[in-house]
C-alpha cells in the first residue's frame with residue numbers, strides 16, 4: 001500500500017491503507033455470489049435438465065438484477081440515507097441468504113431465476129458502495145486505489161470456479177460462497193468505515209441524461225464503457241465453455257483455468273490499469289486495453305484446438321486486458337460530468353452497461369450452438385472495436401483527454 005501514500009488525505013495516513021484492505025477483503029468474500037451458480041452449470045444441466053437457454057437465463061438474470069438494483073439505489077439515494085458500510089453489509093447478507101435458498105429450488109426453474117435476479121440486486125449494494133467508501137479515503141489520485149478494489153472484485157468473482165474444482169457437489173459450492181459473503185457482511189459492519197473525504201451523493205436527476213447524451217465527451221466515455229461491457233461479462237461467463245470446447249480438458253482443469261484468467265489475470269489487469277492511469281491518463285490506458293482485448297477476441301479463433309499452453313497464454317492476456325480499462329470509464333465520467341449530477345451519470349452508465357452485457361451473455365452461447373465456439377468468440381471483438389473508436393475520438397483535439 002506504500003504506493004498509495006500520496007493519495008492519502010492529511011491526518012488519516014495510517015487508516016486509509018487499512019480501510020482499503022478491509023473493503024477489498026469484503027469485496028473478495030461477497031462477489032463470489034456473482035458466478036456461484038454459473039460455475040456449477042455442468043452439474044445443473046445434468047440434475048435439472050437445463051437447456052442452453054435455461055443456463056443463459058440463470059446467468060443473465062444476475063446482470064439484469066444488478067442494473068435494477070443500481071437504479072433503485074440511485075433513485076432512493078440509499079448510499080446517503082444509510083451508512084455505506086451498513087448498506088454493504090446488508091446487501092452482502094441478503095445476497096448470501098438468497099444464494100443459500102438456491103439449492104432448495106429443486107426443478108422450480110423460474111424460482112431459481114428470481115433468486116438469481118435478487119442476488120444481482122443485492123450485489124448492487126456491494127461493489128458500487130465499496131467504490132464510494134474507497135474514494136472517501138482516496139479523493140485524489142484514486143486510480144490505483146480503485147484498481148486495488150477492482151482487483152478484489154475480479155478475485156471474488158472468480159472464486160466460485162476455484163471452489164467448483166475442489167469441492168464435492170454443486171450445492172456445497174453455493175453454500176460456501178454464501179458463508180463467505182456472510183463473512184463479508186460481518187467484516188463490513190465491524191471494521192469498514194467511511195473516510196473523511198466522504199460527500200453526499202448528488203440527487204438522482206433523470207433529466208440530466210439528456211444533457212449527458214448531448215455532451216460529446218460524456219457520450220464518448222459512455223460508448224467506450226458500453227463496448228467494454230459488451231465483451232467483459234460474456235467473456236467471464238463463457239470462459240469455461242470456450243476452454244472446454246477448445247482443449248477437451250477435464251472439468252477440474254477448466255475450473256482452475258477460469259479462476260486463473262478471471263481472478264489472477266483480472267487482478268493484475270486492475271492493478272496495472274489503475275497505476276498506469278494515474279501516470280499516463282485514463283483515456284490512453286482505456287484505449288490500449290480495449291485494443292489488446294479486442295485483438296485477443298479475434299486471435300481466440302486461431303488458437304482454438306491448438307496447444308494448451310498457447311490457449312492458456314492467450315486467455316490469461318485476455319483476462320488482464322479485458323478489465324484493465326474498467327475503472328477508467330467511471331473515473332473519466334466522474335470528471336467530465338456536472339459535479340451536481342455525477343451520481344446520475346455513473347448510475348445510468350452502469351445500468352445500461354450491465355443490461356447490454358446481459359444481451360451478449362444470452363446471445364453468445366446461442367451463436368456457439370449454431371456455429372461453434374471458434375466462430376462465436378470473435379464476435380465479442382465488436383465491443384472493444386467500438387470502444388477504441390470512441391476513445392480515439394475522445395483523444396482528438398476537439399475533445400482533449402484529461
For segment 199-228, give me each residue that is out of contact with any helix residue (DSSP H, G or I) (no Cβ under 8 Å at 6 or more places or on another chain) and under 26 Å from residue 294 (Cα atoms). 216
Counting only residues that are without any contact (Cβ under 8 Å) to a residue 12 or more places away in the chain and part of a helix (DSSP H, G or I), which one in segment 192-234 is nearest to residue 150 (Cα to Cα)? 219
Selection from segment 363-378 of residues surrounded by fewer than 19 Cβ atoms within 10 Å (Cβ to Cβ) and either outside the structural domain of residue 227 (by TED's automatic domain parsing) or under 18 Å from residue 60 (Cα atoms) (or both) yields 363, 366, 367, 369
So how many residues does segment 264-282 have that are surrounded by 23 or more Cβ atoms within 10 Å (Cβ to Cβ) and either within 22 Å of residue 25 (Cα to Cα) or in the same structural domain as residue 44 (by TED's automatic domain parsing) (or both)? 7
Check on residue 189, touching a helix residue (DSSP H, G or I) at 6+ places or on another chain (Cβ under 8 Å), assigned to a helix (DSSP H, G or I) and closer than 22 Å to residue 79 by Cβ: yes
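The values are calculated or read from the model by the stated rules, or taken from the named source; none is laboratory data. A quick note: this is a predicted structure, and the numbers were derived from the prediction, not measured. Here Cβ is always computed from backbone atoms with ideal geometry, including for glycine, and neighbour counts include all displayed protein chains.
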